[in-house]
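A.B. asks: Dropping a structure here in structure tokens format, bear with me for questions.
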Amino acid sequence: MSDNNPTWRLKTPPPEAALDGAERDRLARRLEVSPLLVHLMSLRGLASESDMDKFLSPGLRYLHPLDSCPGIEAGAELLRQAVETGRRIAVWGDYDVDGITATALVKDFMAARGIDILHFIPDRLDFGYGLHQDGIRALAEKGVGLLLTVDCGIANNEEIREARALGMQVIVTDHHLPGQELPEADIVINPKLDGWPSANLAGVGVSFLLMGALNRHLPGPQIDIRDFLDLVALGTVADVVPLDDQNRILVKNGLLLIKEGRRPGIQALKEISGMTPEEGVGTGAIGFALAPRINAAGRIGDPDLAVRLLLEKDPDAARLMAEQLDKLNTKRKLEEQRILQEAIAQAESQLHLPGLVLHSEHWHSGIIGIVASRIVERFHRPCLILTKENGIFKGSGRSTPSFDLYQALLACKQCLYKFGGHRQAAGLKLEPFQLANLKDLFAWAVEEQLGANPAPPVLELDAELPFSLIDHTLLKELDLLQPYGQGNPRPIFLSPPLTILRHRFFSQKKHLELHLADTTDGTSRRAVAWRQGERWQDTPLEGRRIKIAYTPRLSKFNGLLQIELSVQDILALE
């Protein structure tokens, strides 16, 4: 266990959003919310009544005009021409939730407009991420004349040249960081390129905008493009992109559709995850329940199963597919736990290094990305995890908040066969003889960014909150801040001094349940410290005085819906 525990720090609003008490109270009255909620919004950089109102009610009218997004209108026009001239269209997606939802969205929209198209998602083990020439040739043999990529393609220069040589027009839609040379596609649509008003869209968000433009370009009656926002919310949250103003609009409205349960496939996923049909779904439920089951298809099964589930119109057929995904996810979790234990053992031998490079020839390539996230969470160091496939090492990397993983891999590119990704997550391939070089270069790159003695992680707290103020009204107010995610984290509160009344460990001592009393007024609450059992299992806890960093939420416990505190960290006072 790493002893690199976080330092706690109370947040303060940025200077432009700092409010005195009178102004906070005035805004609370105008917006009909509590001063606490106004304070939480000011911590997120919101200063004016209009900005706060838009944050609380992010209507679709606030989306940027489509003609302000470079390539969208041109891409829609090329698609319209292909439809009118009878060119066969295929959409090529990625095997993660973002790529799967983007593929399903394009297929579903086209079908609703009476257009039949092909789709292709590569098998992770056989082909890996992105385009590959065998698949392109197979599509050419089926008569495909226009290839549309979603959530991939920006780094596939050779494959796109092949597609065009075979007579295809190519539209690339992607949101990953482009390299120095853009692919020679007919049209490249990527919010990371200059001129875009919203750089943080997920792949499914870009696909949604393109279909929205195509909806206007095609002849005949338009359909309601809002019907596809459930897929946008699912893919955007799963891809952990920043929930800035545009993504917040898309996700908040999409979550309402998921609650309504219009799409049988998503409804079946909710049911197999233990949710009631009418239950609302937040970003947490997507991240911990819905997305892992969809991801399981791409990680250890057939990603096409997840696409078919999302497109299925028959509820009974959707339930059968959801059951298949649930079984795959159970298998994935068992394999993840096995790999994690081996990775932890390796990591503990590398704690003298600023960045971790862990590897094994028998780890499953579809699971190492999740394990990398767990390792970063545990040891607070950037991490690369590698496994061997077809004679070369293939890896996934995850980062700490202050570290740019993509830039680090750029610094290591001399020993890499291929790499790509984001600031916080990336993929890479390398020849086995380069492994030692990668370890040295990665350690150097981490030290260059973070220094020789990186500061311990910081846990940022939104406000002090005594137990007496926690009630259902507060939880309803906190729900107004949803959707939570990168850029808009779930608020974490600081408790007053507490006394532990009783406790228990559960799930093989992995988690810790606490019953706590607020020493200021005696109010008691039940709390759960997830994945913190190992840290405290050898410490006497009964009667101990502590403070906690926590989030209040509703939870089903013993069959009843009640308030539970989710503990992020514990500070012993004695």
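The values are calculated or read from the model by the stated rules, or taken from the named source; none is laboratory data. Bear in mind the structure is a predicted one, so any value in this text is a computation, not a measurement. All Cβ positions, even for glycine, are placed from backbone atoms using ideal geometry, and neighbour counts span all protein chains on display. To get the accessible areas, we keep the full protein, side chains included, count just its heavy atoms, and leave off ligands, DNA and RNA. Shrake-Rupley method; radii C 1.70, N 1.55, O 1.52, S 1.80 Å.
A.B. asks: For the range 389-432, which residues satisfy the criterion of being of a type in the set (Val, Ile, Thr) and under 16 Å from residue 449 (Cβ atoms)?
C.D. replies: Matches in the range 389-432: 400 only.
A.B. asks: Working only within the range 484-504, note down all residues that are part of a loop (DSSP other than H, G, I, E, B), crowded, with 16+ Cβ neighbours inside 10 Å and touching a Leu at 6+ places or on another chain (Cβ under 6 Å).
C.D. replies: 491, 492
A.B. asks: Also, quick follow-up: Can you find, within the range 462-495, the residue that is farthest from residue 377 (Cα to Cα) among those that are among the aliphatic types (A, V, I, L, M) and under 22 Å from the mean Cα position of the chain (by Cα)?
C.D. replies: Ranking the qualifying residues of the range 462-495, first place goes to 480.
A.B. asks: Follow-up question, since we're still on this one. Based on this model, can you work out whether residue 243 counts as within 12 Å of the chain's Cα centre (by Cα), surrounded by 19 or more Cβ atoms within 10 Å (Cβ to Cβ) and outside any helix (DSSP H, G or I)?
C.D. replies: Against the criterion (within 12 Å of the chain's Cα centre (by Cα), surrounded by 19 or more Cβ atoms within 10 Å (Cβ to Cβ) and outside any helix (DSSP H, G or I)), residue 243 qualifies.
A.B. asks: Just the residues that are open to solvent by less than 40 Å² (accessible area, probe 1.4 Å) and part of a loop (DSSP other than H, G, I, E, B), please, taken from the range 64-87.
C.D. replies: Listed by number, the residues that qualify are 69, 71.
A.B. asks: I've got another one for you. Listed residues 336, 323, 279; which is at pLDDT below 95 and part of a helix (DSSP H, G or I)?
C.D. replies: 336
A.B. asks: Here is a follow-up. Considering each of 481, 554 in turn, give the residue that is under 30 Å from residue 235 (Cα atoms), assigned to a strand (DSSP E or B) and either open to solvent by 20 Å² or more (accessible area, probe 1.4 Å) or in contact (Cβ under 8 Å) with a residue 60 or more places away in the chain (or both).
C.D. replies: The unique qualifying residue is 554.
A.B. asks: Something else about it: Output the qualifying pairs, or none if there are none: Cβ atoms under 7 angstrom, residues six or more apart or on different chains, first residue in the range 276-290 and touching a residue at least 12 places away in the same chain (Cβ under 8 Å) and within 17 Å of residue 326 (Cβ to Cβ), second residue among the acidic types (Asp, Glu) and surrounded by 17 or more Cβ atoms within 10 Å (Cβ to Cβ).
C.D. replies: Sorted first by the residue in the range 276-290, then by its partner, the pairs are 277/271.
A.B. asks: Checking residue 233 against (1) assigned to a helix (DSSP H, G or I); (2) open to solvent by 10 Å² or more (accessible area, probe 1.4 Å); (3) among the hydrophobic types (A, V, I, L, M, F, W, C); (4) in contact with a Gly (Cβ under 9 Å, 6 or more places away or on another chain), only one condition comes out false. Which one?
C.D. replies: Evaluating residue 233 over (1) assigned to a helix (DSSP H, G or I); (2) open to solvent by 10 Å² or more (accessible area, probe 1.4 Å); (3) among the hydrophobic types (A, V, I, L, M, F, W, C); (4) in contact with a Gly (Cβ under 9 Å, 6 or more places away or on another chain) leaves (2) as the failure.
A.B. asks: How many residues, within the range 364-381, are assigned to a loop (DSSP other than H, G, I, E, B), at pLDDT 90 or above and surrounded by fewer than 22 Cβ atoms within 10 Å (Cβ to Cβ)?
C.D. replies: 2
A.B. asks: Restricting to the range 191-228, name every residue that is outside any loop (DSSP other than H, G, I, E, B) and over 14 Å from residue 107 (Cα atoms).
C.D. replies: Correct list: 203, 205, 206, 209, 213, 216, 217, 226.
A.B. asks: Could I ask something else about it? Quick one: residue 407 ticks every box in (1) closer than 22 Å to residue 154 by Cβ; (2) open to solvent by 50 Å² or more (accessible area, probe 1.4 Å); (3) free of Cβ contacts under 8 Å to residues at least 40 places away in the same chain; (4) in a helix (DSSP H, G or I) except a single one, so which number is it?
C.D. replies: Going through (1) closer than 22 Å to residue 154 by Cβ; (2) open to solvent by 50 Å² or more (accessible area, probe 1.4 Å); (3) free of Cβ contacts under 8 Å to residues at least 40 places away in the same chain; (4) in a helix (DSSP H, G or I) one by one, residue 407 breaks only (3).
A.B. asks: Taking the stated definitions as given, is residue 560 open to solvent by 70 Å² or more (accessible area, probe 1.4 Å) and under 19 Å from residue 462 (Cα atoms)?
C.D. replies: So residue 560 does not fit the description; no.
A.B. asks: Just one of the numbered conditions (1) under 21 Å from residue 129 (Cα atoms); (2) open to solvent by 10 Å² or more (accessible area, probe 1.4 Å) is not true of residue 387; which one?
C.D. replies: (2)
A.B. asks: May I ask you to list the residues in the range 507-533 that are part of a strand (DSSP E or B) and open to solvent by less than 40 Å² (accessible area, probe 1.4 Å)?
C.D. replies: Within the range 507-533, 511, 512, 513, 514, 515, 516, 517, 518, 526, 527, 528, 529 qualify.
A.B. asks: Still on this structure, I have one more. Within the range 383-404, count every residue that is in a strand (DSSP E or B) and at pLDDT 90 or above.
C.D. replies: Here the count works out to 13.
A.B. asks: Might you check whether a residue that is more than 24 Å from residue 510 (Cβ to Cβ), of a type in the set (Gly, Ala, Ser) and surrounded by 16 or more Cβ atoms within 10 Å (Cβ to Cβ) occurs anywhere in the range 315-331?
C.D. replies: Yes, there is a match, as at least one residue in the range 315-331 is more than 24 Å from residue 510 (Cβ to Cβ), of a type in the set (Gly, Ala, Ser) and surrounded by 16 or more Cβ atoms within 10 Å (Cβ to Cβ).
A.B. asks: Just for the range 162-211: of the residues that are charged (D, E, K, R) and open to solvent by 10 Å² or more (accessible area, probe 1.4 Å), which one is farthest from residue 131 (Cα to Cα)?
C.D. replies: 194
A.B. asks: Output the residue which, of all residues in the range 88-116 that are outside any helix (DSSP H, G or I) and within 23 Å of the chain's Cα centre (by Cα), is surrounded by the most Cβ atoms within 10 Å (Cβ to Cβ).
C.D. replies: Looking at the filtered set, the residue picked out is 93.
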